[in-house]
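A quick write-up on the structure given underneath.
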Amino acid sequence: MSSIIIGIAGGTGSGKTTLANRIINQFKDQIAVVHHDNYYKSHTNLTYEERTKLNYDHPDSFDTDLMVEDVKKLKSGSEIKCPVYDFTVHNRSDEFIIIQPKPIILVEGLLILSDPSLRELMDIKIFVDTDADIRLIRRIRRDMIERERSLDSILGQYMETVKPMHDLYIEPSKRYADVIIQEGGGNDVAFDMITHRLEAHILSHKA
C-alpha cells in the first residue's frame with residue numbers, strides 16, 4: 001500500500017479538528033487518523049493535583065518519538081496500537097486503539113509542524129489559522145462541556161501556558177506549512193482543494 005500522509009496543525013480552537021472530521025467523513029474507510037493529543041506522556045507517578053500543574057502545551061509534554069514510529073509503521077503497512085489519553089484525569093489511560101494502515105493517513109495536532117521528524121513524514125502540511133479571540137471562545141466551550149473543567153481553570157491555563165506556548169512554538173511552525181487555511185473546517189474552497197488532491201492519490205493507485 002502506498003499511503004499519502006496529510007498533517008493538520010493550528011492553535012487551540014482553530015478549527016483543525018473540524019477540518020479533519022470533514023476529510024474523515026469524505027473518505028471514510030480509506031483514511032487512518034492519528035491525533036497528537038493521544039500521545040501525551042503518562043504521569044502515573046504524580047498525583048492528580050501535581051498533574052494539573054504540568055505544562056501540557058509544551059512540545060516536551062508529548063511522546064512524539066512514539067508517534068513518529070507509529071506513523072512510519074502505518075506508512076509501511078502495519079497496524080499500530082495508539083495510546084488513549086484521559087483529559088478528565090490528566091493522564092494516559094490503560095486502553096489503546098488499533099489503527100489499520102490506509103491509503104490516507106491523517107495526522108492532527110497543535111504542534112505537529114514544530115517537530116522536524118514528524119514533519120518530514122508528511123506529504124501535505126496544513127496550518128489552520130484563526131483569530132485568537134475565536135479560538136479562546138471555542139476552547140472554553142470545549143473544555144467546559146467535554147472535559148468538565150471550570151471557567152477559572154480554563155482561563156488560568158490559557159494565560160499561563162496556552163497563549164505563551166502558542167506564541168513560542170505553534171505560530172512559528174506556520175512557516176513550514178504547504179497551505180495556510182483560514183477558519184478551518186468552514187473554508188469550503190480549501191476543503192475542495194484538499195479532497196481533490198487526496199482523491200487524485202487514491203485514483204492513481206487504483207489504476
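General observations
- In the assembled protein chains, residue 60 presents an accessible area of approximately 110 Å² (probe radius 1.4 Å).
- Between 161, 64, 130, the Gaussian network model of the chain with springs among Cα atoms under 10 angstrom shows the greatest mean-square fluctuation at 161.
- Summing Cβ point charges (Lys, Arg +1; Asp, Glu -1) relative to the Cα centre of the chain gives a dipole of roughly 420 debye.
- Spin-label zone in region 172-207 - amide nitrogen under 15 Å from a point set 7 Å from the Cα of residue 2 along the C-beta vector: 198-207
- In terms of its C-alpha gyration tensor, region 42-197 has an oblate overall shape, because the principal axis ratio a/c (a ≥ b ≥ c, square roots of the eigenvalues) is not below 1.5 and a/b does not outweigh b/c.
- Counting only heavy atoms of the protein chains and using a 1.4 Å probe, residue 46 has close to 50 Å² of accessible surface.
- Charge context of residue 15, other residues only, Cβ under 15 angstrom, K/R +1, D/E -1: +2
- Summarising the label geometry, the points placed 7 Å from Cα in the beta-carbon direction at residue 144 and residue 167 lie 2.6 nm from one another.
- Gain in span if fully extended, residue 179 to residue 76, counting 0.36 nm per residue against the direct Cα distance: 34.5 nm
- Using C-alpha pairs below 8 Å separated by at least 6 residues, the relative contact order for the chain is 35 percent.
- Förster radius 30 Å - calculated FRET efficiency between residue 21 and residue 204, Cβ distance, rounded to 0.05: 0.75
- Residues of the chain: accessible area per residue with a 1.4 Å probe, Å²: 51 Å²
- Taking 7 Å steps out from each Cα toward its Cβ at residue 51 and residue 69 produces label points 2.2 nm apart.
- Lys/Arg +1, Asp/Glu -1 at C-beta; the chain dipole; positive extreme among 118, 190, 128: 190
- Length released on extending from residue 37 to residue 192, taking residue separation times 0.36 nm less the Cα-Cα span: 53.2 nm
- When the helices of the chain are scored as -39500 (n - 2.57) per DSSP H run of n ≥ 4 and the total is divided over every residue, the value at 222 nm lands at -10000 deg cm²/dmol.
- Whole-percent carbon and sulfur share, accessible surface of the chain, 1.4 Å: 51 percent
- Between residue 58 and residue 117, the FRET efficiency estimated from the beta carbon spacing at R0 = 22 angstrom works out to 0.80.
- Contour minus Cα-Cα distance for residue 93 and residue 134 (0.36 nm per residue): 11.7 nm
- Shape call, region 1-123: gyration tensor on alpha carbons, a/c limit 1.5: prolate
- DSSP assigns beta bridges within the chain; of those with both partners inside it, close to 25 percent run antiparallel.
- Region 78-129: C-alpha gyration tensor shape, a/c 1.5 cut-off, then a/b vs b/c: oblate
The values are calculated or read from the model by the stated rules, or taken from the named source; none is laboratory data. Not measured: the values here are computed from a predicted model. Glycine gets a Cβ as well: all are built from the backbone with ideal geometry, and neighbour counts include every protein chain shown. Please note that ligands, DNA and RNA were not included when accessible areas were found on the heavy atoms of the full protein model with its side chains. Shrake-Rupley method; radii C 1.70, N 1.55, O 1.52, S 1.80 Å.
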